[in-house]
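Just so it is clear, none of the values below were taken in a lab; they were calculated from the coordinates. Not measured: the values here are computed from a predicted model. Cβ placement follows ideal geometry from the backbone for every residue including glycine, while neighbour counts extend to all protein chains displayed.
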Amino acid sequence: MRIIISPAKTMNVDTDSLDYNQLPDFIKDTETILEYLKKLNYEELKSIWKCSDKLAELNYNRIKNMDLYKNLTPAILSFEGLQYKYMGSGVFSTKEFEYLEEHLRILSGFYGIIRPFDGVVPYRLEMQSKLASNKLDSLYDFWGDKLAKQIFSESNTILNLASKEYSDSISKYLNDKINYITCIFGEIIDDKVKEKGTLAKMARGDMVRYMAENQIKNIEDIKSYNRLGYEFSKDLSNEESYVFIKND
């Protein structure tokens, strides 16, 4: 089984807590993206990032000084978004870290696929970003089916805990041999299941933690998840979607 999740926009550098294991598999592709970004001026980069001046200046300086091979942080400790906060990687045991290194994969517009202990540098580049280049415009086109092929070569059972922006890079290449299940964390509103972005991110992170704590290897076992007020709904779920409903 492989668990896919999204990256976070906020990242930090931590070269002291734990060592990284290796570089991301698609580092040469990342070099190609970085080479293009380094050629852009401040305004061009800001238009790609669609962010405030403060964030644009921070990330502009990062791009201009970026070295993909120095001062690397294990990815699991680098990302700081809400999903990662609820994953709580800072207090994992060695056994739990080993579980994540085997089963968890982070999808990235910049790195492609990242294992938890791959060494990364802080970056800002969403998968849906348009780079305004004839050869490098859509990151979906740039990566093509490469990410899906890699994930499918590792396992034929995929648990999707990523946002649609990132899971699309995998799901559009599904075939009959792949068991692909998406977790939905929602509430019943007007007789419909509706996800709230913030709560869903929290639950996705906590689900990863739950799986690591319980060393879950059979995807059916995640149906026992009952944290943050969520419980599995057999009636609302099917072979492609496991639905967890918030009851409080």
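Loop only by DSSP, 14 or fewer other Cβ within 10 Å of the Cβ. Give me the GluC sites (Glu not before Pro) in the stretch 209-248 that pass, ordered by residue number. Don't skip to the answer; put the middle values down first.
Values: sites: Glu213, Glu220, Glu231, Glu239, Glu240; in loops: Glu239, Glu240.
Answer in residue order: Glu239, Glu240.
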Point to revise | Label point distance in nm, Glu43-Asn12, each placed 7 Å from Cα along Cα→Cβ | key: 3.6
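Determine the gain in length on full extension of the stretch Asp137-Asn226; use 0.36 nm per residue of separation and subtract their C-alpha separation, reporting nm with one decimal. Walk me through the numbers before you get to the answer.
Details: separation 89, 0.36 × 89 = 32.04 nm, distance 4.19 nm.
My answer for the length gained is 27.8 nm.
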**Study point:** the chain, dipole about Cα centre (Lys/Arg Cβ +1, Asp/Glu Cβ -1), debye to the nearest 20
**Key:** 460
Study note, to complete from the structure: Ranking Val243, Ser169, Tyr60 by how far each Cα lies towards the positive end of the charge dipole of the chain (+1 on Lys and Arg Cβ, -1 on Asp and Glu Cβ), the top one is Tyr60
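Classify the stretch 124-248 from the C-alpha gyration tensor, please: rounded if a/c falls under 1.5, else prolate or oblate depending on whether a/b exceeds b/c. Please list the in-between numbers first.
On the way: a/c = 2.12, a/b = 1.56, b/c = 1.36.
Taking the square roots of the gyration eigenvalues as a ≥ b ≥ c, the stretch 124-248 is prolate.
Any chance you could run the full-extension gain for Glu154 through Lys192? It's 0.36 nm times the residue separation minus the Cα-Cα distance, nm to one decimal. The partial results should precede the final answer.
Values: separation 38, 0.36 × 38 = 13.68 nm, distance 3.53 nm.
Contour length minus Cα-Cα distance gives 10.2 nm.
Between Asn61 and Glu98, how high is the FRET efficiency from 1/(1 + (r/R0)^6) when r is the Cβ-Cβ distance and R₀ = 51 Å? Nearest 0.05. Each step should come with its number before you reach the end.
Numbers: r = 36 Å, r/R0 = 0.70.
E(calc), rounded to 0.05, equals 0.90.
Run through the DSSP bridge list for the chain and note the antiparallel percent, rounded to the nearest 5.
Details: 13 of 29 bridges.
Among the beta bridges of the chain, antiparallel pairing accounts for roughly 45 percent.
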Revision key, fill the gap. Low-density loop trypsin sites (Lys or Arg not before Pro), the stretch 40-108, at most 14 other Cβ within 10 Å, DSSP non-H/G/I/E/B, are Lys50, Lys70
Review point. Counting only the backbone N, which residues of the stretch 186-220 are under 17 Å from the spot 7 Å out from the Cα of Lys164 toward its beta-carbon?
Key: 186-187, 192-201
Review point. Going by a ≥ b ≥ c, the root eigenvalues of the Cα gyration tensor, does the stretch 184-248 fall in the rounded group (a/c under 1.5), the prolate group (a/b larger than b/c) or the oblate group?
Key: oblate
Point to revise | Cα-based shape type of the stretch 73-199, given that a ≥ b ≥ c are square roots of the gyration tensor eigenvalues and the cut on a/c is 1.5 | key: rounded
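Which value does Rg/Rh take for the chain over its C-alpha atoms, Rh per Kirkwood? Intermediate results must be reported in sequence, preceding the final value.
Values: Rg = 18.2 Å, Rh = 18.8 Å.
Result for the chain is an Rg/Rh of 0.97.
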Practice item. Run through every distinct alpha carbon pair of the stretch 155-197 and return the Kirkwood hydrodynamic radius in angstroms, one decimal place. Key: 11.9
Review point. Measuring from centroid to centroid over Cα atoms, what is the spacing of the stretch 27-91 and the stretch 165-214 in Å?
Key: 25
Check your understanding: Taking H as built 1.01 Å from N, whose amide H comes closer than 5 Å to the amide H of Cys183, not counting residues under 5 places away?
Key -> Asn160, Tyr242
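What does the extension gain come out to for Asn218 and Ile178, with contour length at 0.36 nm per residue minus their alpha carbon separation?
Numbers: separation 40, 0.36 × 40 = 14.40 nm, distance 1.48 nm.
So the extension gain works out to 12.9 nm.
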Point to revise | Check: the stretch 85-158 dipole with +1 on Lys, Arg Cβ and -1 on Asp, Glu Cβ, in debye | key: 220
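Could you pull out the chymotrypsin sites (Phe, Trp or Tyr not before Pro) across the stretch 31-133 that fall in loop regions by DSSP (anything but H, G, I, E, B) with no more than 13 other Cβ atoms inside 10 Å? Kindly include the intermediate steps, with their values, before the conclusion.
Values: sites: Tyr36, Tyr42, Trp49, Tyr60, Tyr69, Phe79, Tyr84, Tyr86, Phe92, Phe97, Tyr99, Phe110, Tyr111, Phe117, Tyr123; in loops: Tyr69, Phe92, Phe110, Tyr111, Phe117, Tyr123.
Counting only loop positions with at most 13 other Cβ atoms within 10 Å, the chymotrypsin sites (Phe, Trp or Tyr not before Pro) in the stretch 31-133 are Tyr69.
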